[in-house]
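Engineer: First the structure, which I've put down as structure tokens, then a few questions once you've had a look.
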Amino acid sequence: MATLKLDNVKKSFGKTDVIHGVSIDVNDGEFIVIVGPSGCGKSTLLRMVAGLETVTSGEVQIGGKVVNDVEPMDRDIAMVFQNYALYPHMSVFDNMAYGLKIAKVSKDEISERVQTAAKLLQLEPYLQRKPRELSGGQRQRVAMGRAIVRKPAVFLFDEPLSNLDAKLRVQMRLEIKALQRELGVTSLYVTHDQVEAMTLADRMIVMNAGVADQIGAPLDVYANPATEFVAGFIGSPPTNFIDASLVDGQSGRIGVRPEHIELSDTGRITATVGYAEALGAETLVHLRASDGSQITVRQDAALPIPGEGETRGLSWADENIMRFDASGLRQ
Amino acid sequence: MEKRVTFKGIWLPLLLVLPQILITAVFFFYPAGQAIWQSLFIPDPFGLSMQWVGLGNFEFLLSDPFYRASFLTTAIFSILVTVVSMGVALYLAVLADRLIKGSGTYRTLLIWPYAVAPAVAGVLWLFMFNTRVGVVSWYLGQLGYDWNHVLNEGEAMGLVVVASAWGRISYNFLFFLAGLQAIPKSVIEAAAIDGARFWTRFRTIVWPLLSPTTFFLLVVNIIYAFFETFGVIHTITSGGPQQATTILVYKVYSDGFVGQDLGSSAAQSVILLVIVSILTVVQFKYIERRVHY
Ligand SMILES: Nc1ncnc2c1ncn2[C@@H]1O[C@H](COP(=O)(O)OP(=O)(O)OP(=O)(O)O)[C@@H](O)[C@H]1O
Ligand SMILES: [Mg+2]
């Protein structure tokens with residue numbers, strides 16, 4: 001168990017700058033989720049912490065020690081890969097025991113640690129199987145087990161659930177959270193799924209094109225997005241953006257979350273109803289504003305659903321307005 | 001699942017494979033049949049009459065110390081060629097695999113030797129090691145080593161092995177490189193994080209995952225060393241000194257065409273035919289079973 005610190009970490013591949021300087025202090029036992037769209041540099045950041053990519057500039061510290069030039073094996077970390085990266089020619093037991101054997105842990109202790117992990121992950125019946133004889137979810141558990149048995153200071157996860165189906169993903173998400181709570185190991189978890197980020201994270205790093213736009217607790221980030229990008233990325237359906245000139249004649253853009261807008265006869269602006277999605281507990285109404293921008297309203301299922309083509313007013317409370325300047329920064 | 005194209009009748013598929021069947025018949029079945037037939041006779045040197053001897057040619061061969069010696073020579077030669085060509089190829093492939101940029105260039109350069117005909121390769125190496133004008137033997141002379149593969153049996157063997165292995169390295173290299181690149185990078189990275197350094201990774205992860213490729217190449221290279229090195233041996237040593245580099249294939253030629261002992265030569269061909277059949281069966285049997293781990 002250890003703290004983790006990134007200090008203005010940058011990464012370039014040749015002439016392309018991929019990470020433009022990320023800093024964060026991770027507390028011992030904290031669960032940090034790095035979230036962002038595809039290609040924004042999440043994996044690259046994680047791999048720099050793992051030692052699989054060199055750090056172009058800045059510092060990575062694990063447990064107070066600078067590890068920029070330390071080999072992956074000497075960083076006291078464990079990583080779970082997106083494709084699991086299990087050793088295909090080894091049994092589940094050997095997959096989990098591999099690192100311990102190399103570390104010259106005694107046979108008895110290896111067997112004990114693997115058994116404990118297998119029990120925790122419900123893998124006991126499969127210990128003698130090869131990875132190809134397992135389901136996706138079971139493989140995922142083996143990858144977790146391989147990380148757990150080594151008792152590392154830091155867990156690194158690179159989209160560990162993205163190859164699973166939706167239902168299994170929800171289940172494994174809960175298991176990972178419970179496991180991390182139980183073991184108390186500092187964790188860095190990469191995902192592009194904002195729901196995963198919201199539910200797992202103690203704090204999350206929202207990445208946008210190599211920049212950490214915002215770092216904070218999920219609900220804080222949700223309630224107070226620092227940039228237009230964060231406001232649009234976190235939350236589903238995403239925040240509505242409307243040109244301020246349309247509403248109150250100011251410059252920049254206004255963001256309002258779908259659940260904060262009400263349909264009324266008159267409002268701050270008017271919009272034409274497109275189609276409505278009745279989801280049971282709630283209804284999503286999609287409208288088009290006069291400048292053509294798309295607006296989604298989330299309303300209670302009990303409220304009447306407006307007909308297609310109707311013109312309705314949109315209203316929202318002042319405290320729900322998020323103002324962004326031309327560069328996307330929160331004002 | 002395997003995809004099958006289905007034809008309605010039998011005539012079109014038959015017509016399509018006919019050329020291949022004809023070629024095989026003319027260039028393989030006919031001569032093979034003739035060899036089997038001839039191995040049962042002793043013809044006179046002018047081919048005017050043949051005397052039926054049954055399995056006499058085979059009995060004589062198997063008790064012939066020269067033929068047995070040739071078996072041993074072939075075994076040593078094949079093992080050396082296979083080990084040298086595969087070893088060097090694997091080493092180069094591991095190096096190229098670690099390169100991110102420029103591996104294409106190395107690959108292209110390393111393919112060239114494969115395009116050189118064995119006989120030409122033989123002449124090339126012969127020039128370099130020629131006892132009087134060869135570059136390499138001159139340098140060896142400067143270093144105080146008196147190179148003479150015309151008289152020294154070990155040196156002769158060494159030279160044909162190197163010349164035969166050289167042309168083979170490209171082929172093996174391509175397969176090894178493809179095999180290495182088929183191993184997911186993340187598996188290697190996972191092993192690195194698990195604490196395995198280069199050699200441990202190679203021994204416990206890369207080598208086992210490469211084993212299907214290695215096995216395939218092993219069989220293919222043995223077949224090559226057995227049957228396709230004739231040109232190299234003919235140009236460099238002609239099977240000498242004495243019989244030091246006379247491998248089985250070369251003995252078929254020298255006994256048949258030089259020694260004019262056609263019955264024995266035919267019998268030797270039949271024995272080779274059996275050997276290559278066994279090797280091929282082994283190869284297909286194992287290659288068909290794709291998964292080795
Ligand atoms: N080895 C490399 N050489 C050059 N560019 C690279 C390399 N690896 C990644 N990149 C680039 O760096 C950027 C970030 O890549 P990265 O893999 O970190 O994205 P990501 O956020 O993990 O995306 P995803 O969600 O799709 O996995 C991408 O634009 C990618 O093209
Ligand atoms: Mg990624």
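One line per residue, one yes/no per condition, for (1) in contact with a helix residue (DSSP H, G or I) (Cβ under 7 Å, 6 or more places away or on another chain); (2) surrounded by fewer than 13 Cβ atoms within 10 Å (Cβ to Cβ):
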{"site": "B:Phe7", "(1), (2)": "yes, yes"}
{"site": "B:Trp11", "(1), (2)": "no, yes"}
{"site": "B:Gln20", "(1), (2)": "no, yes"}
{"site": "B:Leu62", "(1), (2)": "no, no"}
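Engineer: Would you check which residues across region A:23-48 are away from ligand 1 (no atom under 12 Å from the Cβ), touching a residue at least 60 places away in the same chain (Cβ under 8 Å) and under 19 Å from the mean Cα position of the chain (by Cα) and list them? I'd like the intermediate steps shown before the answer.
Structural biologist: Of region A:23-48, the ones away from ligand 1 (no atom under 12 Å from the Cβ) are A:23-33.
Subset that is touching a residue at least 60 places away in the same chain (Cβ under 8 Å): A:23-24, A:26-33.
Of everything in region A:23-48, those that are away from ligand 1 (no atom under 12 Å from the Cβ), touching a residue at least 60 places away in the same chain (Cβ under 8 Å) and under 19 Å from the mean Cα position of the chain (by Cα) turn out to be A:Ser23, A:Ile24, A:Val26, A:Asn27, A:Gly29, A:Glu30, A:Phe31, A:Ile32, A:Val33.
Engineer: Working carefully through the options B:Val88, B:Val120, B:Val136, find the one that is away from ligand 1 (no atom under 16 Å from the Cβ), within 26 Å of B:Phe216 (Cβ to Cβ) and surrounded by fewer than 18 Cβ atoms within 10 Å (Cβ to Cβ).
Structural biologist: On the way: B:Val120 fails: within 26 Å of B:Phe216 (Cβ to Cβ); B:Val136 fails: within 26 Å of B:Phe216 (Cβ to Cβ).
So the residue among B:Val88, B:Val120, B:Val136 that is away from ligand 1 (no atom under 16 Å from the Cβ), within 26 Å of B:Phe216 (Cβ to Cβ) and surrounded by fewer than 18 Cβ atoms within 10 Å (Cβ to Cβ) is B:Val88.
Engineer: Another question, then. Out of the residues in region A:83-93 that are buried (at least 18 other Cβ atoms within 10 Å of the Cβ) and not aliphatic (A, V, I, L, M), state the one that is nearest to ligand 2 (Cβ to nearest atom).
Structural biologist: First pass over region A:83-93, keeping only residues buried (at least 18 other Cβ atoms within 10 Å of the Cβ): A:84-87, A:89-90, A:92-93.
Adding the requirement that they be not aliphatic (A, V, I, L, M) leaves A:84, A:87, A:89, A:93.
Numbers: A:Tyr84: 14, A:Tyr87: 22, A:His89: 26, A:Phe93: 29 Å.
Out of the qualifying residues, it is A:Tyr84.
Engineer: Next question, about the same structure. Those residues that are among the polar types (S, T, N, Q), farther than 26 Å from A:Thr56 by Cα and within 16 Å of ligand 1 (Cβ to nearest atom), I need them from region A:174-231; list them, please.
Structural biologist: Let us first name the residues in region A:174-231 that are among the polar types (S, T, N, Q), namely A:180, A:186-187, A:191, A:194, A:199, A:208, A:214, A:224, A:227.
Now drop any that are not farther than 26 Å from A:Thr56 by Cα, which leaves A:180, A:194, A:199, A:224, A:227.
A:Gln194 - this is the single residue of region A:174-231 that is among the polar types (S, T, N, Q), farther than 26 Å from A:Thr56 by Cα and within 16 Å of ligand 1 (Cβ to nearest atom).
Engineer: Looking at the structure I just gave you, is B:Met50 modelled with pLDDT under 85 and surrounded by 12 or more Cβ atoms within 10 Å (Cβ to Cβ)? Can you show your working first?
Structural biologist: Details: modelled with pLDDT under 85: yes; surrounded by 12 or more Cβ atoms within 10 Å (Cβ to Cβ): yes.
Yes; evaluated as a whole, the condition is true for this residue.
Engineer: Continuing with the same structure: Please determine whether any residue of region B:25-40 is out of contact with any Pro (no Cβ under 8 Å at 6 or more places or on another chain), within 30 Å of B:Ser170 (Cα to Cα) and modelled with pLDDT of 80 or more.
Structural biologist: Let us first name the residues in region B:25-40 that are out of contact with any Pro (no Cβ under 8 Å at 6 or more places or on another chain), namely B:25-40.
Filter once more, so that each one left must be within 30 Å of B:Ser170 (Cα to Cα): B:27-28.
Retained after the next criterion (residues that are modelled with pLDDT of 80 or more): B:27-28.
Scanning region B:25-40 turns up at least one residue that is out of contact with any Pro (no Cβ under 8 Å at 6 or more places or on another chain), within 30 Å of B:Ser170 (Cα to Cα) and modelled with pLDDT of 80 or more.
Engineer: Counting only residues that are over 10 Å from A:Gly210 (Cβ atoms) and outside any strand (DSSP E or B), how many does region A:1-41 have?
Structural biologist: Adding up the residues that qualify gives 11.
Engineer: Every residue in region A:276-310 that is modelled with pLDDT of 90 or more and of a type in the set (Ser, Thr, Tyr), please.
Structural biologist: Within region A:276-310, A:Thr283, A:Thr296 meet the criteria.
Engineer: Have a look at B:Leu109, B:Leu151 and point out the one that is outside any helix (DSSP H, G or I) and either surrounded by fewer than 16 Cβ atoms within 10 Å (Cβ to Cβ) or in contact with a strand residue (DSSP E or B) (Cβ under 6 Å, 6 or more places away or on another chain) (or both). So that I can check it myself, show each step before the final result.
Structural biologist: Working: B:Leu109 fails: outside any helix (DSSP H, G or I).
Answer to the check: B:Leu151.
Engineer: Additional query: I'm trying to understand the selection: among the residues of region A:77-101, which are touching a residue at least 12 places away in the same chain (Cβ under 8 Å) and more than 7 Å from every other protein chain (Cβ to nearest Cβ)?
Structural biologist: Step one: filter region A:77-101 for residues touching a residue at least 12 places away in the same chain (Cβ under 8 Å), giving A:77-93, A:95-100.
A:Val80, A:Gln82, A:Tyr84, A:Leu86, A:Met90, A:Ser91, A:Val92, A:Phe93, A:Asn95, A:Met96, A:Ala97, A:Leu100 - these are the residues of region A:77-101 that are touching a residue at least 12 places away in the same chain (Cβ under 8 Å) and more than 7 Å from every other protein chain (Cβ to nearest Cβ).
Quick grid of which residues meet (1) over 20 Å from A:Val185 (Cα atoms); (2) in contact with a Cys (Cβ under 6 Å, 6 or more places away or on another chain); (3) of a type in the set (Lys, Arg):
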position	(1), (2), (3)
A:Ala78	no, no, no
A:Ala85	yes, no, no
A:Pro88	yes, no, no
A:Tyr98	yes, no, no
A:Lys101	yes, no, yes
A:Lys104	yes, no, yes
A:Gln115	no, no, no
A:Ala118	no, no, no
A:Pro125	yes, no, no
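Engineer: Out of A:Glu175, A:Glu182, A:Glu262, I need the residue that is touching a Ser or Thr at 6+ places or on another chain (Cβ under 8 Å) and acidic (Asp, Glu). Which one? Spell out the reasoning first.
Structural biologist: Working: A:Glu175 fails: touching a Ser or Thr at 6+ places or on another chain (Cβ under 8 Å); A:Glu182 fails: touching a Ser or Thr at 6+ places or on another chain (Cβ under 8 Å).
After ruling out the rest, the residue left standing is A:Glu262.
Engineer: Might you check whether a residue that is within 14 Å of chain B (Cβ to nearest Cβ), among the β-branched types (Val, Ile, Thr), away from ligand 1 (no atom under 16 Å from the Cβ) and at negative phi occurs anywhere in region A:152-159?
Structural biologist: As a first pass, look at region A:152-159 and keep what is within 14 Å of chain B (Cβ to nearest Cβ): A:152-159.
Next cut, among the β-branched types (Val, Ile, Thr) only: A:154.
The next check asks that each one be away from ligand 1 (no atom under 16 Å from the Cβ); those that pass are A:154.
Pick out the ones that are also at negative phi and you get A:154.
Yes, the conditions are met somewhere in region A:152-159.
Engineer: Would you confirm, using the coordinates I've provided, whether B:Ala191 is closer than 30 Å to A:Pro152 by Cα, within 14 Å of another protein chain (Cβ to nearest Cβ) and modelled with pLDDT of 90 or more?
Structural biologist: On the way: closer than 30 Å to A:Pro152 by Cα: yes; within 14 Å of another protein chain (Cβ to nearest Cβ): yes; modelled with pLDDT of 90 or more: yes.
Against the criterion (closer than 30 Å to A:Pro152 by Cα, within 14 Å of another protein chain (Cβ to nearest Cβ) and modelled with pLDDT of 90 or more), B:Ala191 qualifies.
Engineer: Okay, next question. Hey, any hits in region A:102-117 for a residue that's hydroxyl-bearing (Ser, Thr, Tyr) and either within 14 Å of chain B (Cβ to nearest Cβ) or in contact with a strand residue (DSSP E or B) (Cβ under 7 Å, 6 or more places away or on another chain) (or both)?
Structural biologist: First, the residues of region A:102-117 that are hydroxyl-bearing (Ser, Thr, Tyr): A:106, A:111, A:116.
In the following step, the residues that additionally are either within 14 Å of chain B (Cβ to nearest Cβ) or in contact with a strand residue (DSSP E or B) (Cβ under 7 Å, 6 or more places away or on another chain) (or both) were identified as none.
Taking every residue of region A:102-117 in turn, none turns out to be hydroxyl-bearing (Ser, Thr, Tyr) and either within 14 Å of chain B (Cβ to nearest Cβ) or in contact with a strand residue (DSSP E or B) (Cβ under 7 Å, 6 or more places away or on another chain) (or both).
Engineer: Would you pick out the residues in region A:24-76 that are away from chain B (no Cβ under 14 Å) and within 13 Å of ligand 2 (Cβ to nearest atom)?
Structural biologist: Keep residues of region A:24-76 that are away from chain B (no Cβ under 14 Å), which gives A:24-42, A:45, A:55-61, A:63-66, A:68-69.
Across region A:24-76, the qualifying residues are A:Ile34, A:Val35, A:Gly36, A:Pro37, A:Ser38, A:Gly39, A:Cys40, A:Gly41, A:Lys42, A:Leu45.
Engineer: Then there's this: Output the residues belonging to region B:134-185 that are among the polar types (S, T, N, Q) and over 17 Å from B:Ala115 (Cβ atoms). So that I can check it myself, show each step before the final result.
Structural biologist: Here is the first cut: in region B:134-185, the residues among the polar types (S, T, N, Q) are B:137, B:142, B:148, B:152, B:164, B:170, B:172, B:181.
If the condition is that a residue be among the polar types (S, T, N, Q) and over 17 Å from B:Ala115 (Cβ atoms), then B:Ser137, B:Gln142, B:Asn148, B:Asn152, B:Gln181 are the ones that fit.
Engineer: I would also like to ask the following. Which of the strands (runs of 3 or more DSSP E) found entirely inside region A:172-266 contain at least 3 residues meeting this: without any contact (Cβ under 8 Å) to a residue 60 or more places away in the chain and either surrounded by fewer than 20 Cβ atoms within 10 Å (Cβ to Cβ) or not basic (Lys, Arg) (or both)?
Structural biologist: Working: elements: A:186-191, A:203-208, A:211-216, A:240-243, A:253-256, A:262-264.
In region A:172-266, the matching strands (runs of 3 or more DSSP E) lie at A:211-216, A:240-243, A:262-264.
Engineer: Still on this structure, please answer the following. Going residue by residue through region B:119-142, is there one that turns out to be under 30 Å from B:Ala182 (Cα atoms), assigned to a helix (DSSP H, G or I) and out of contact with any strand residue (DSSP E or B) (no Cβ under 7 Å at 6 or more places or on another chain)?
Structural biologist: no
The values are calculated or read from the model by the stated rules, or taken from the named source; none is laboratory data. What you are looking at is a predicted structure, and each value in this text was computed from that prediction instead of being measured. In this analysis, Cβ positions are derived from the backbone assuming ideal geometry, glycine residues included, and neighbour counts consider all displayed protein chains.
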